Amino acid sequence: MRGRGERLERVLAERELDRMLVTDLTNVRYLTGFTGTNGACVCGPGIRFFFTDFRYTERAAAEVEGWEPITVQGDWLAAIAERLEGRVGIEDDHLPVRTLEKLRGKLAEGVEPVAAGSSVEGLRRVKDEGELAAIAEASKLADEVWLWSVERGLAGRSERDVARAAEARIRELGGDPSFPAIVAAGPNGALPHAEPGEREIGRGELVVFDLGAQLDGYCSDGTRTYATGDPGEEGRGVYEVVLQAQLAALEAVKAGVTGEDVDAVARKIIDEAGHCERFGHGLGHGVGLEVHEGPRLSPKSDDLLAPNEVVTVEPGIYLPGKLGVRIEDFVVVAEDGYRNLSTLPKELTLVE
Ligand code: ZN
Ligand code: ZN
């Protein structure tokens, strides 16, 4: 976690803040390394305080480096308020209004909370080498689980059975699912976030299979759409359009382009095929400690891509009542392109 407090200090200087109070646990983990469920930290010029309670004193001693640990007994907010001064950035996108009001009541005169949400999330976008290694391992594990799942066959099993078996396999291989796996066959595939149900997967259906693993806190995310036998002319046609959109969008990924630019490449191809209304989500998102984080790749995103950001590229077409296709790769942005972490083939794969 070395250097992350220093990077946050620079953000504070830019925003003319004297202190930053970080309460979101994922952000606390990112800055300090702490993996427990109760922690907060305060950062300022040369100032690093980490707060937890007695349950986590030992864990904090083992995990947290470079931050002065404070085990709070009694009034949590009072202990934090004591260490705040001047203009204090708070994570207004995470801190409940009620907690903020209580905190205000404990602040010394002249201490002023200022909305500074997304400060740490901004730092989290660009990954360091250790983070990239963890993400690549998570991605590799997920790829193994797709292959394992498909070997067991899809047709004749329920969506839920396939999804739960895949999640169990991720755990057997030492990870955790980074989100509940999505297995959506036939008409269910038209619901981009379908919950796997009891429906039995039939023959000649397209099966959207969205899966992610988490290792050492870092997530992967990817989707393949398989066919349980020939999905028919319409199915094959839709698959081909999504594949062309996905390949073209990948080629547009590089440092310095906006999320909107990359999204537009895929969207144009899908529009031209007559499916503009059927691609109802953004093209992709950043992935890291959380499976959805910045930057965003979508029609409204002015996020500029930077080297070592990790993003998904996942166009889809969803025909209500009929079928869905989504193809999602997971890539590291480079100066003049990208490095694809997804290793699975993308041409339409027929499985039993
Ligand atoms: Zn995704
Ligand atoms: Zn996904």
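The values are calculated or read from the model by the stated rules, or taken from the named source; none is laboratory data. Just so it is clear, the structure is predicted and the values come from calculations on it, not from any experiment. So basically every Cβ, Gly included, is an ideal-geometry build from the backbone, and we count neighbours across all protein chains shown. Side chains included, ligands, DNA and RNA excluded: accessible areas come from the protein's heavy atoms. Shrake-Rupley method; radii C 1.70, N 1.55, O 1.52, S 1.80 Å.
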Short version: ³J(HN,Hα) in whole Hz for each residue of region 335-351, in order, from phi by Karplus 6.51 cos²θ - 1.76 cosθ + 1.60 (θ = phi - 60°), x for Gly and Pro, what are they? 3, 10, x, 7, 10, 7, 8, 7, 10, 7, x, 10, 5, 4, 9, 8, 10
Using the alpha-carbon centroid of each, what span in Å lies between region 198-266 and region 54-73? 43 Å
Choose one answer from LYS127, LYS300, LYS254: the residue with the largest mean-square fluctuation in a GNM of the chain with alpha-carbon springs under 10 Å. LYS300
Would you work out the charge dipole size for region 129-350 about its Cα centre, treating the Cβ of every Lys and Arg as +1 and the Cβ of every Asp and Glu as -1, and quote it to the nearest 20 debye? 640 debye
Multiply the residue gap between ASP128 and VAL114 by 0.36 nm, knock off their C-alpha separation, and tell me the result in nm, one decimal place. 2.1 nm
From zero outward in steps of 5 Å, how is the percent of C-alpha pairs of region 2-124 spread across the bins? 2, 12, 24, 26, 21, 12, 3, 0
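I'd like the FRET efficiency for ALA248 and HIS292, computed as 1/(1 + (r/R0)^6) with the beta carbon distance as r and R0 of 22 Å, rounded to 0.05.
0.40
Carbon and sulfur together cover what percent of the accessible area of region 149-246 at a 1.4 Å probe radius? Walk me through the intermediate numbers first.
Working: 1730 of 3820 Å².
The value for region 149-246 is 45 percent carbon and sulfur by accessible area.
Around GLU260, with a cut-off of 11 angstrom between Cβ atoms, what is the net charge of the other residues, counting Lys and Arg +1 and Asp and Glu -1?
Details: positive: ARG267, ARG296, LYS300; negative: ASP261, ASP263, ASP302, ASP303.
After counting each charged neighbour, the total is -1.
Would you mind calculating the relative contact order of the chain from Cα pairs under 8 angstrom and at least 6 residues apart, reporting the percent as a whole number?
Numbers: 790 pairs, mean separation 51.4, N = 352.
Contact order relative to length: 15 percent.
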Taking the simple approach of a point 7 Å from Cα along Cα-to-Cβ for both ASP75 and GLU144, what is their distance in nm? 5.2 nm
Which percent, to the nearest 5, of DSSP beta bridges fully inside region 129-350 are antiparallel? 95 percent
Long-range amide H partners of HIS285, meaning residues 5 or more apart or on another chain whose placed amide H is closer than 5 Å, are LEU297, THR312
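With a ≥ b ≥ c taken as the square roots of the eigenvalues of the C-alpha gyration tensor of region 117-160, please select rounded if a/c is under 1.5 and otherwise prolate if a/b is larger than b/c or oblate if it is not?
Working: a/c = 7.58, a/b = 2.30, b/c = 3.29.
Since a/c reaches 1.5 but b/c is at least a/b, the shape of region 117-160 is classed as oblate.
Please give the per residue accessible area of region 129-350, computed with a probe of 1.4 Å over protein heavy atoms only, in Å².
Numbers: 9010 Å² over 222 residues.
Result: 41 Å² per residue.
Could you work out the relative contact order of region 2-124? I mean the mean sequence separation of Cα pairs under 8 Å and 6+ apart, divided by the number of residues, in percent.
Details: 205 pairs, mean separation 32.6, N = 123.
Here the relative contact order equals 27 percent.
Calculated from DSSP H runs of 4 or more alone, at -39500 (n - 2.57) each and per residue, what is the 222 nm mean residue ellipticity of the chain, nearest 500? Could you put the intermediate results ahead of the total?
Values: 10 runs with 118 residues, N = 352.
Computed mean residue ellipticity for the chain: -10500 deg cm²/dmol.
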Tell me, what ³J(HN,Hα) does each residue in region 17-29 have, in order and in whole Hz, if you take phi through Karplus 6.51 cos²θ - 1.76 cosθ + 1.60 with θ = phi - 60° and put x for Gly and Pro? 10, 8, 9, 10, 9, 10, 10, 6, 5, 5, 5, 4, 4
Sorting ALA252, ALA266, ILE182 by the position of each Cα along the dipole of the chain (Lys, Arg +1; Asp, Glu -1; all at Cβ), the one nearest the positive end of that ordering is ILE182
Counting sequence-distant residues (5 or more places) and residues on other chains, those with an amide H built under 5 Å from that of VAL114 are VAL88, GLY89, ILE90
Springs between alpha-carbon pairs under 10 angstrom, Gaussian network model over the chain: which of GLY86, GLY321, GLY110 fluctuates most? GLY110
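Here is the link list: LYS140/LYS300; LYS140/LYS346; LYS127/LYS268; LYS127/LYS300; LYS254/LYS300. Which ones come out longer than 22 Å on Cα distance? Mind dumping the intermediate values first?
Working: LYS140/LYS300 31 Å; LYS140/LYS346 16 Å; LYS127/LYS268 30 Å; LYS127/LYS300 24 Å; LYS254/LYS300 18 Å.
Violating the 22 Å Cα-Cα cut-off are LYS140/LYS300; LYS127/LYS268; LYS127/LYS300.
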Label 7 Å along Cα→Cβ of ARG236; region 335-352 residues with amide nitrogen under 13 Å? 348-350
Cα shape, region 129-350, gyration tensor, a/c 1.5 rule: oblate
May I ask you to compute the full-extension gain from GLU101 to ALA61, defined as 0.36 nm times their residue separation minus their alpha-carbon distance, rounded to one decimal in nm? 11.3 nm
